[in-house]
């Protein structure tokens, strides 16, 4: 099992719109991929920006590749991200899950 994480930041005034975009556009896209087990989309507001941490749980690295492409470390973006994100991080992090309870 693989836990994949991604981080992004928006201006605080754009955070509600980005949150809605993530629910309406990104979540269904993630959910359409065979091998996705669970999604956690999280948000933490700072003074002037909002941090979004996405945690997805996948059956295998092959399932991650179905979503992310041949390079599973490369972050996946949508065209709409350009109007929200302050920067685009190049990578997502993939972690082998070795224990759950």
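All of the numbers you see were taken from the coordinates with simple rules; none came from a lab. Please read these numbers as outputs of a predicted model, since none were measured by experiment. Counting neighbours? That spans all protein chains shown, and the Cβs are built from the backbone with ideal geometry, glycine included.
Our analysis of the range 1-88 gives Rg over Rh at 0.97, with the two radii drawn from alpha carbon positions and Rh computed by the Kirkwood formula. Normalising the average separation of contacting C-alpha pairs (under 8 angstrom, six or more residues apart) by the number of residues puts the relative contact order of the chain at 43 percent. 7 Å from Cα along Cα→Cβ at both residue 55 and residue 40: what's the point-to-point distance in nm? In this crude label model, residue 55 to residue 40 measures out at 0.1 nm.
You can think of it this way: the chain between residue 1 and residue 86 has 27.5 nm of extra reach, that is 0.36 nm per residue less the Cα-Cα gap. Annotation: peptides 81-87, 43-49, ranked by per-residue average of other Cβ atoms within 10 Å with the highest first, follow the order 81-87, 43-49. Among 42, 5, 100, 56, the order by Cβ neighbours within 10 angstrom, fewest to most, reads 100, 42, 5, 56. Rounded to the nearest 5, the antiparallel percentage of DSSP beta bridges internal to the range 2-96 is 100%.
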